[in-house]
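Heads up: the structure comes next, in structure tokens.
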Amino acid sequence: MSLTDLASVLWRARELLEMLLFKLEEEQLLLAANRSRWLSHATREVEVVLDQIRQTEVIRAAYSQEVAAELGLSPDASLGELADAAPDPWSDLLHQHRKAFLLLTSEIRALADVNRDLLTAGQRAARETMLAFAETVETYGPQGQTVTGGARRPSLVDEAI
């Protein structure tokens, strides 16, 4: 029965989502510690896990369509619909997978948002530092466009850094 195959691929998908969560947390730790040296490695690892998730998703979709056909549902039935129509103990297992996926995707989304904010803040700080040393100042004009120019104020630089 393809419910067994579907359950197996759902376990694999959960493992991959947990791995993605871990890799995003690693990336966040590097960002928070300003360890940009290793950031490219962490980002590459995230991309590898995302690629594995994409491959697993294709397999999951195929098994889901088979199970939907067996249960008399439309081929694009959701996991919740499959769980509702599946016999016990499969119904409970599919509902557990669904809850786990919702929780994991929520955690991943939140962590990715924090990482994006950290990257943006780091990029902004680096840009402002470069502009300060280039003796130009960037501000915003009345319509929100970036404007270069303006008077440069004297600044102190701590050479011990």
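Key figures for this structure:
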read-out	value
Global geometry of the range 2-148, whether rounded, prolate or oblate, following the gyration tensor of its Cα atoms and the 1.5 cut on a/c	prolate
Relative contact order, percent, the range 2-148 [alpha-carbon distance under 8 Å, six or more residues apart]	26
Computed FRET value (nearest 0.05) for residue 44 with residue 14, which takes r as the C-beta separation and R₀ as 25 Å	0.65
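Laboratory data are not the source of any read-out in this text; all were calculated from the coordinates shown. The model shown is predicted, which means the values in this text are computed figures rather than measured ones. Cβ atoms come from the backbone with ideal geometry, glycine included; neighbour counts cover every protein chain shown.
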